[in-house]
Amino acid sequence: MVHSRRKKSNNPDCLVDDVKAVLQVYVKQGDHLIVGLSGGVDSIVLLDILSTVSRQMRLALSAAHVNHGISRHSVAWSHFCCRQCYAYGIPVSVRYAKVKNKPGSSLEAVAREKRYGVFSRLPGDYLVLAQHQDDQAETLLLQLLRGAGVRGLSAMPVVRKQTVSAAPSILRPLLNISRADILAYARQRGLDWIHDESNDDCSFNRNFLRHALLPVLNNRYPAYAKTLQRTSQHMAEASQLLDELAEVDAQNCVIAGNLYIPALRKLNRPRAKNLLRYLLHEHNIPLPSTVKLDEILNQLRYAKKDAQLRVTVGDAEVRCFKDYMYILLQQKRSPKHLQRRWQGEPSVRLTELGGVLRFVSVQGQGLSAHKLRQSPVFIKVREGGEYFMPDCKRPRRSLKNLLQEASIPPWQRFALPLLFCGEKLAWVPGIGTDCALQAASGEMGIVPEWRLGNFDFGN
């Protein structure tokens with residue numbers, strides 16, 4: 001399964017200069033580049049080129065190979081990739097990803113999702129992938145046949161950030177290079193590579209395009225790949241303009257990160273749909289089908305104020321409460337019981353609730369530090385029947401009524417961290433501090449702050 005081409009050529013190859021020119025735009029001296037190495041001809045050529053360019057530009061270079069375990073040859077391919085890297089003196093890691101087919105998804109798509117999940121955890125500045133001009137053309141056609149919009153038709157960018165903030169950015173320096181030029185380079189250099197037999201299986205849509213449709217297209221339009229790449233660039237520009245329009249609309253329609261539905265209703269339908277697509281994309285949520293997006297928009301535009309909209313979109317939910325639309329990542333059910341003792345730490349990460357509780361010392365504000373030391377302090381969740389008195393001029397009231405009056409969405413009410421001093425409810429996010437435990441003027445106080453998400457407060 002290993003292909004070898006030992007044809008020597010003294011002709012200089014411009015691919016090295018082309019890749020170097022791309023890198024000079026995006027990377028800087030000392031950056032760490034990781035080659036996504038499959039062992040196919042494209043990634044082997046990329047590895048060969050970067051082995052030269054990294055020395056010229058003083059870049060750190062390593063490689064990562066993902067073993068999906070799908071093919072019976074997968075172990076041999078991993079060994080081949082390691083031998084190639086050893087020959088270049090380039091560090092390589094082999095990562096394993098178990099691939100199980102999901103109902104309604106192709107094995108190809110699931111493997112890609114797993115692979116990018118592995119890529120997101122690699123330590124480095126850039127993950128360098130070998131997608132090229134022909135891959136770009138195939139991607140554009142596949143998106144077109146799926147009925148994708150402008151964003152989908154813009155295909156693959158040269159550089160993009162991954163959804164995980166600490167992950168290396170993805171860099172594709174071969175997007176202007178044709179498959180034919182890559183193959184010619186491999187033959188000139190006498191490189192070895194592997195052939196994945198699944199690439200011949202035309203039951204996969206991409207392979208069908210590559211082997212059945214594109215050769216016919218090439219006979220009539222030999223420059224189709226360059227032409228389609230130009231189209232994808234036009235679509236990328238149009239997508240950027242639509243995002244800029246959505247940003248303008250978001251300034252008038254989004255308050256505290258949530259969509260204000262009455263303002264959305266003032267937009268015409270195309271602009272409203274564009275804003276919804278933009279907001280979902282900003283939350284890293286795959287765009288829904290046209291039918292589902294229309295369904296969401298119709299419910300937002302015509303639903304009554306007290307309507308309980310709840311629509312699943314990928315791994316997220318779109319929900320409404322009192323004139324606002326919320327985009328929520330689906331999480332595990334909130335625990336029915338939680339008890340964590342607070343012992344003075346600056347912050348406590350509450351994985352069960354999906355956030356971090358921070359404690360800030362402020363004179364004359366929040367909870368009395370002196371009174372908190374009189375009894376053990378616990379972090380709990382609402383279980384029902386709690387009473388609270390945040391206003392010293394009003395009687396103690398049920399927490400249920402206070403949460404309703406504060407317009408806290410129903411799905412958040414049992415997922416809030418409550419602070420208890422002994423048996424007494426001391427603090428509730430979005431409501432405040434109990435009257436009896438409030439810090440006096442001039443007294444050192446503790447102000448709790450609840451933040452959803454994975455925050456690092458430097459403790």
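The values are calculated or read from the model by the stated rules, or taken from the named source; none is laboratory data. All figures in this text were calculated on a predicted structure; none of them were measured in a lab. Quick reminder, even Gly has a Cβ in these numbers, built from the backbone with ideal geometry, and neighbours come from all protein chains shown.
Annotations
- Taken together, Ile285, Ile261, Ile255 contain a single residue that is within 24 Å of the chain's Cα centre (by Cα), of a type in the set (A, V, I, L, M) and surrounded by 16 or more Cβ atoms within 10 Å (Cβ to Cβ), which is Ile285.
- Residue list for segment 433-448, filter: buried (at least 17 other Cβ atoms within 10 Å of the Cβ) and touching a Pro at 6+ places or on another chain (Cβ under 8 Å): Thr433, Asp434, Pro448
- Pairs meeting the criteria (first residue in segment 117-133 and without any contact (Cβ under 8 Å) to a residue 60 or more places away in the chain and assigned by TED's automatic domain parsing to the domain that holds Tyr96, second residue part of a loop (DSSP other than H, G, I, E, B) and surrounded by fewer than 21 Cβ atoms within 10 Å (Cβ to Cβ), beta carbons under 8 Å, at least 6 apart or on different chains) are Gly117/Ala97; Val118/Ala97; Ser120/Gln162; Ser120/Thr163; Ser120/Val164; Ser120/Ala167; Arg121/Val164; Arg121/Ala167.
- Considering (1) more than 29 Å from Ser239 (Cβ to Cβ); (2) in contact with a Ser or Thr (Cβ under 8 Å, 6 or more places away or on another chain), the lone condition that Asn284 does not fulfil carries the number (1).
- Pairs with Cβ under 6 Å, 6+ apart, first in segment 295-309 and without any contact (Cβ under 8 Å) to a residue 24 or more places away in the chain, second in a helix (DSSP H, G or I) and surrounded by 13 or more Cβ atoms within 10 Å (Cβ to Cβ): Leu309/Gln299
- Given (1) more than 28 Å from Cys81 (Cβ to Cβ); (2) modelled with pLDDT of 95 or more, number of the condition Leu174 does not satisfy: (1)
- Among residues of segment 255-283 that are on the phi > 0 side of the Ramachandran plot, none has a beta-carbon under 8 Å from a residue that is assigned to a loop (DSSP other than H, G, I, E, B) at least six positions away or on a different chain.
- Scope segment 152-200; condition surrounded by 14 or more Cβ atoms within 10 Å (Cβ to Cβ) and β-branched (Val, Ile, Thr); matching residues: Val158, Val159, Ile170, Ile177, Ile182, Ile194
- For Lys424, the conditions (1) modelled with pLDDT of 90 or more; (2) touching a strand residue (DSSP E or B) at 6+ places or on another chain (Cβ under 6 Å); (3) of a type outside the set (Phe, Trp, Tyr); (4) under 30 Å from Phe321 (Cβ atoms) all hold with the exception of (2).
- Where helices (runs of 4 or more DSSP H) fall entirely within segment 128-211, those with at least 1 residues that are of a type in the set (A, V, I, L, M, F, W, C) and over 21 Å from the mean Cα position of the chain (by Cα) are at 133-145, 179-189, 205-208.
Each row is one residue, and each column tells you yes or no for (1) assigned to a loop (DSSP other than H, G, I, E, B); (2) more than 25 Å from Val318 (Cα to Cα).
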{"position": "Val356", "(1), (2)": "no, no"}
{"position": "Gly385", "(1), (2)": "yes, yes"}
{"position": "Trp411", "(1), (2)": "no, no"}
{"position": "Gly430", "(1), (2)": "yes, no"}
{"position": "Gly445", "(1), (2)": "no, yes"}
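- Subset tally (residues that are in a loop (DSSP other than H, G, I, E, B), charged (D, E, K, R) and more than 16 Å from His195 (Cβ to Cβ)) for segment 28-75: 3
- Test for Gly366: is it assigned by TED's automatic domain parsing to the domain that holds Glu352 and modelled with pLDDT under 90: no
- When the residues of segment 358-383 are filtered to those that are among the basic types (Lys, Arg) and in a strand (DSSP E or B), the one that is farthest from Glu423 (Cα to Cα) is Arg358.
- Selection status of Ile408, modelled with pLDDT of 90 or more and either surrounded by 19 or more Cβ atoms within 10 Å (Cβ to Cβ) or closer than 24 Å to His337 by Cβ (or both): no
- Residues located in segment 387-401, provided they are part of a strand (DSSP E or B) and without any contact (Cβ under 8 Å) to a residue 24 or more places away in the chain: Arg397, Ser398
- The one condition in (1) over 26 Å from Leu241 (Cβ atoms); (2) modelled with pLDDT of 90 or more; (3) among the acidic types (Asp, Glu) that Asp135 fails to fulfil: (1)
- Of the set (1) under 25 Å from Ala184 (Cβ atoms); (2) of a type in the set (A, V, I, L, M); (3) free of Cβ contacts under 8 Å to residues at least 60 places away in the same chain, all apply to Val41 but (3).
- Matching residues in segment 212-226 - criterion: being assigned to a loop (DSSP other than H, G, I, E, B) and aliphatic (A, V, I, L, M): Ala223
- Cβ pairs under 7 Å, 6+ apart, first in segment 80-101 and in a helix (DSSP H, G or I), second of a type in the set (Val, Ile, Thr) and surrounded by fewer than 16 Cβ atoms within 10 Å (Cβ to Cβ): Phe80/Val2
- Members of segment 419-428 found to be surrounded by fewer than 22 Cβ atoms within 10 Å (Cβ to Cβ) and under 12 Å from Trp342 (Cβ atoms), listed by number: Phe420
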